[in-house]
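The values are calculated or read from the model by the stated rules, or taken from the named source; none is laboratory data. None of these values were measured; they are calculated from a predicted model. Note: ideal-geometry Cβ built from the backbone for every residue, glycine included; neighbour counts use all protein chains shown. For the accessible areas, the whole protein counts, side chains as well, though only heavy atoms, and no ligand, DNA or RNA atoms are used. Shrake-Rupley method; radii C 1.70, N 1.55, O 1.52, S 1.80 Å.
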Amino acid sequence: MYSHGAESLIKQAREIQESELQKFYSRLVKLLQGKELGHETIDSLQRLHLILSATKYTRTLPPELQKKVQSLLSSPKEHFQVLSSAVLRETLPLSGQEGNYNQENISQLNSHAAVLLLSQAGSRADLSSLCAQLLRSLESRQSEVPAHSLTHTLPILNTILTLSPECLTDDHVTLLNKKLVDWLRYASITQGGGASSGGFFTGPRSRQPVPTAELDGAVSGDFFTVLCVGQGFTEDQWMNVYSFSMLRHWLLTYHSVLSGNGTADTANRLQLSLSLSHSFSNDDRSEVDGSVVSIVSATSSSGRLLPPKERLREKSFQYCLRLIEQSDRKAHRKTDTDLQKACLVEAVCILDCVCEEDASLVFRAFPCIKALFGRLSSDLSFARVLLPIAQFYLNHGEMAAVDCESVWKLVFGRFPAELFNDHFLAHELLRFLRLNLKSLQHRVPQYTRSFPNLLKFLAWDSPAVVDDFVDLLPSLVTAGTAVELLHTLLDLPCLSATLVLQVRSTCLPISEPGGRGLQSPDAYRNPSFRGLFLFLLRGDAGSGDTIDRLSTLHELLAETADWPRVVQCAQTVPLLLHIFFNTVITGADEKLLSHLILVMLERSSLLLNIPEYNKEIQRVFSSHLLRFCKLHPSLVVDQSHELLEFAGATANVYSKEGIYTHVVWVLGEYLSVSCDSRCSVRLITSCFEALEAVLFEITSSVPPPGADCPAPRVVTTLMSALAKLASRSHDLIPRVSLFLSKLRTLTRGGSVAWCSDEEDLVAIVTRGEELWSLLKAPGVAQSVLTPPPHVTTPQWHRDTNVAMPLRLRALTSLTHSQ
Amino acid sequence: MVRCFLIHTVCSVSALGAGESRLLYSRLFGPDEGIFSDRERGLNPEERRLVQKERIAVVARQVRSAVSLSREASARVLVETVPGEEALALQEADSGVVRLRAGDPFSEEMSALWLGVQSLGFTLVCEPHENLLLAEGTLRNLTRHCLEHLHMLGQGSEVLLRSNRVDALLSRLLPHGQLLFLNHRFAQALEKEVAAYMAK
């Protein structure tokens, strides 16, 4: 598809020499001077466009050429309009001619010239005058204005008000409100384009106007909408389409409650809209000959009593109800079925919007929405339509006192569990959660328990949704489920593998000969392992933090460790863990933090064996272990038993070096009376002995088969920890000093079995010597190795001596002007 | 409203670095958002154009990376299709949506819908509150037309040399970035106009 030819064309366009370019320009000017502009001119203009757009640096055209191209904007042939607009957009306007936005004939501009004007607009004022001109043309009688420019008015206005709603004045808004009502509600209901019901032999006089049809072929019984078809369409039917296409945006921009002009009395509104009066107004193109009137129109409120804004609201309401009704029909074509779905989404969103503005409409809307939900809730192919319905329930359910349980069961239950591999649903559902986080936490208790289900989106397609989870994860962390959440996050790659197996087993026949020799699909189907997988696939939290047979599960899934989805998932876990821990640490009680420390110790080796995954997780654990202990030093004494057990196991030095080092450091640093008064001499001694034993073992023997030499950092950390502990219980000092001097003599002999690098050995020995000399003066050692709090957390501004200079310096810098 | 429509490479291009994407067609809709931001208000038109180009380059790069990650994960074999098999190519195309955070690169959050047809990606950047179902359908429709009218499944470079056709297509099906609710009749009427344009 992408060929070398295309690549070289772009290269040529970028690297064209100035001389060649000038020759090209003059050739083009000559061509444009000719009477007849043909294919050669079109091709040359196209090449000019390529040359200009291929580079991000702007090229300017010679003025003569630019003027000629500009004149093509109003050419009768559309090709020249398109090309001149495209070319001019890629270069700068001629000086002195920067888009004259006050021209009288702006309304006569074709769409392509309008594109150029929009792109060259330099300020809000430009856009405001453009808007004013466009609306003036709308106001004037339609026969004066050529057909196409009218249809493009709405898209142009819509694009301007996306960025700058202030470009329209209140009068403009009122005018458009009125126009939109006309187009939406009172477009003609007969087919345009000269379609007739007469046969071959009927003459022009007997041609009767044919009514428009619904998508299933039935004759339309009510006003025209985007879901009506005909052989041809009239002008106002086109405007109906364009109006509906921008309706939601229009309502959101100008009708939002925030921009409310006077909050009308809700009670009055209620009376008005519930009244079943049905009046015809004289100056509207309303249904004077309206014969067939459907239920929707019959319950409309009196149109004449309402000001334009409220009228539009009412008519939009009716339009949406009609669309919902029409979407139930069986369309003949797939594209129309897809359009019906899109219309349902739009209709529900618009209903949500108008109900926000006028709460009394909720009571009229809810029966319809409820019926729609009932109709669609069992069909997963309508999942994306059910999301706006969920939004409606969330916004207005409380007011209408409607039970929303079944909605949440779908959103937090079935959708993530069964549609985790639908990219678009994932995107929209997660967006729905992000936008409504506060209300959901407030009103939907099952939200925080549904993380096992929600994380399925992440496990399946991590790169696409990790960004959303960065925003959502903090809200899913609660004191009650934090531990389970941690386990779930650590086993996300397992979930990923399981989901792949699940999808494969539904796609492939059960009795597929194990062609590729994979063990995992069989394990997945094996009844004795079913429980393991079912736990991973659970929908709600609360049934247990994790399973006992985790190691079995990891073994079963060992071969999945190189599956791309699993690897991608594993790469996002460290990031999420950071977010988890950062959230937990704010306002968590010590009990939870201790529990989490235990989980960290336990899981540091209990992970799916993906390359680098283990190391990364240990890195995250280590940094957060440090943070926890720094914030709550007493945690170390609390968990001393487990920490000591971990630190006393020599095997951990080799297999979990990262976290081992930090555990030892934490023990050395915080196991002291100044951190926690419960720290006894006996505790310090037993810790010392445990660490001493490990240090002896690793520095006196060869590493076990298959393991590398212990990292130098482990050795030095152990030594430092021992020294710190000894500085707090001076009887231990002789033991440490003895060991350190022994170490010095041993290593003087050259290389040792437990350290392969000479430089590392030197560093270790140097550290040993420093500690040994420090310990020779126990008092000094104590203040260096176990500094009192006021040294480690200096608050100089409180110190009476140091504070004064600081204050003076601060005042000086404040009063001096830079 | 749709902010832009892009056609760009999603395969590796030898002249570019890894992860870079070559833009074959780009079209921004509406006025430049820079004129409303305090930071960019003082820029002259030349600088503004540069910023715009950089912005779409960022989008193309992000989509490229999303496409390659998605293809890697699904481990699907890319089916080579030849001219005439446009419907098949579209059916086999993978699709997805990228969330573009506010500021990266547009001032507000955007959703970039993409369709990957072999080595090329077709991307539609819309505001997230937009009807994404409709946007998805529109994107598929636009892609089908581009593949057919510009013979993109072949080795030619018509997408570069006949970009005016894409402009004309967009002016009918996505005028000024407005997504349209078109039933098959309305769509037929517009496609007839497009076909008439292409024929000349």
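Taking amide hydrogens as placed 1.01 Å from N in the peptide plane, the amide H of A:Thr225 sits under 5 Å from that of no residue at least 5 positions away in sequence or on another chain.
Helix A:564-585 and the longest principal axis of the C-alpha atoms of chain A enclose an angle of approximately 70°.
Any idea what angle helix A:657-670 forms with the longest principal axis of chain A, computed on alpha-carbon atoms, 0 to 90 degrees, nearest 10? Result, in degrees: 70. Peptide A:78-85 has a mean shielding of 4, counted as Cβ atoms of other protein chains within 10 Å of each residue's Cβ.
Surface composition of region B:2-198: carbon plus sulfur atoms hold 50% of the accessible area, using a 1.4 angstrom probe and ignoring ligands, DNA and RNA. Among the residues of B:26-34, the average count of other protein chain beta-carbon atoms within 10 Å of the residue beta-carbon is 6.
A simple charge model with +1 on the Cβ of Lys and Arg, -1 on the Cβ of Asp and Glu and nothing else charged puts the dipole of the protein assembly as shown at about 920 debye relative to its Cα centre.
Taking other residues whose beta carbon is less than 12 angstrom from the beta carbon of A:Ser327, and scoring Lys, Arg as +1 and Asp, Glu as -1, yields -2.
Using the Cβ-Cβ distance between B:Arg39 and A:Lys56 with R0 set to 25 Å, the FRET efficiency works out to roughly 0.85.
Ignoring lysines fewer than eight residues from A:Lys724 along the same chain, the ones with Cα atoms less than 24 angstrom from its Cα are A:Lys630, A:Lys656, A:Lys742, A:Lys776. If you take all other residues with their beta carbon under 12 Å from the beta carbon of A:His249, and give Lys and Arg +1 and Asp and Glu -1, the sum is -2. Stretching A:His332 away from A:Glu759 to a fully extended chain increases their span by 145.8 nm, per 0.36 nm per residue minus the current alpha-carbon distance.
Tell me the Kirkwood radius of region B:2-198: reciprocal of the mean inverse pair distance over distinct alpha-carbon atoms, in Å. Value: 17.4 Å, from the Cα pair sum. Each peptide in B:101-114, A:447-460 gets a packing score, the mean of other Cβ atoms within 10 Å over its residues, and the list from highest to lowest is A:447-460, B:101-114. Note on B:Ala196/A:Arg538: beta-carbon distance plugged into 1/(1 + (r/R0)^6) with R0 of 45 Å gives a FRET efficiency of 0.15. Around the amide H of A:Phe233, modelled in the peptide plane, lie the amide H atoms of A:Gly192, A:Gly193, all under 5 Å away and 5 or more residues distant in sequence or on another chain.
Dipole magnitude for region A:419-553: computed about the Cα centre from +1 point charges on Lys and Arg Cβ and -1 point charges on Asp and Glu Cβ, it is near 220 debye. Structural descriptor for chain A: relative contact order 6 percent, calculated from alpha carbon pairs under 8 angstrom and at least 6 residues apart. Rg and Dmax of the protein assembly as shown, based on Cα coordinates, read 35.4, 121 Å. Listed values for region B:79-93 are Karplus-derived 3J(HN,Hα) couplings in whole Hz (6.51 cos²θ - 1.76 cosθ + 1.60, θ = phi - 60°), namely 8, 7, 10, 10, x, x, 9, 4, 4, 5, 4, 5, 5, 7, 5, and x replaces Gly and Pro.
What the phi angles of region B:99-106 give under the Karplus curve with 6.51, -1.76 and 1.60, with θ = phi - 60°, is a coupling list of 8, 9, 5, 4, x, 10, x, 8 Hz, glycine and proline written as x.
In chain A, a dipole from Cβ-located charges (positive for Lys and Arg, negative for Asp and Glu) runs towards its positive end, and of A:Gln326, A:Phe80, A:Pro527 it is A:Phe80 whose Cα lies farthest in that direction.
Computing Rg and the Kirkwood Rh from the Cα coordinates of region A:1-102 gives a ratio, Rg/Rh, of 0.97. Helical content alone sets the calculated 222 nm signal of chain A at -19500 deg cm²/dmol, taking -39,500 (n - 2.57) per DSSP H segment of four or more residues and averaging over every residue. Averaged per residue, chain A has 46 square angstrom of accessible surface, using a 1.4 angstrom probe with ligands and nucleic acids left out.
Could you list, in their original order, any pairs among A:Lys56/B:Lys200; A:Lys179/B:Lys192; A:Lys409/A:Lys456; A:Lys77/B:Lys192 whose Cα atoms are separated by more than 25 Å? Check vs 25 Å cut-off fails for A:Lys56/B:Lys200; A:Lys179/B:Lys192.
Principal axis analysis of the Cα atoms in region A:546-670 yields extents of 43, 33, 24 Å, listed in decreasing size. Helical runs assigned H by DSSP (4 residues or longer) give chain B a calculated mean residue ellipticity at 222 nm of -14000 deg cm²/dmol, each run adding -39500 (n - 2.57) before division by the residue total. Of the residues A:Ser674, A:Pro705, A:Leu743, the one whose Cα sits farthest toward the positive end of the charge dipole of region A:660-753, with +1 on the Cβ of Lys and Arg and -1 on the Cβ of Asp and Glu, is A:Leu743.
Pairing chains B and A buries close to 7700 square angstrom of accessible surface in total, based on protein heavy atoms and a 1.4 angstrom probe. Taking amide H as placed 1.01 Å from N in the peptide plane, B:Arg3 has its amide H under 5 Å from the amide H of B:Val125, B:Cys126, B:Glu127, each at least 5 places away in sequence or on another chain.
Each other residue within a Cβ distance under 12 Å of A:Ala763 adds +1 if Lys or Arg and -1 if Asp or Glu, for a net charge of -4.
Counting only protein heavy atoms and a 1.4 Å probe, region B:2-198 has 35 square angstrom of accessible area per residue.
Neighbouring Cβ atoms from other chains, within 10 Å of the Cβ of residues in B:87-99, number 3 on average.
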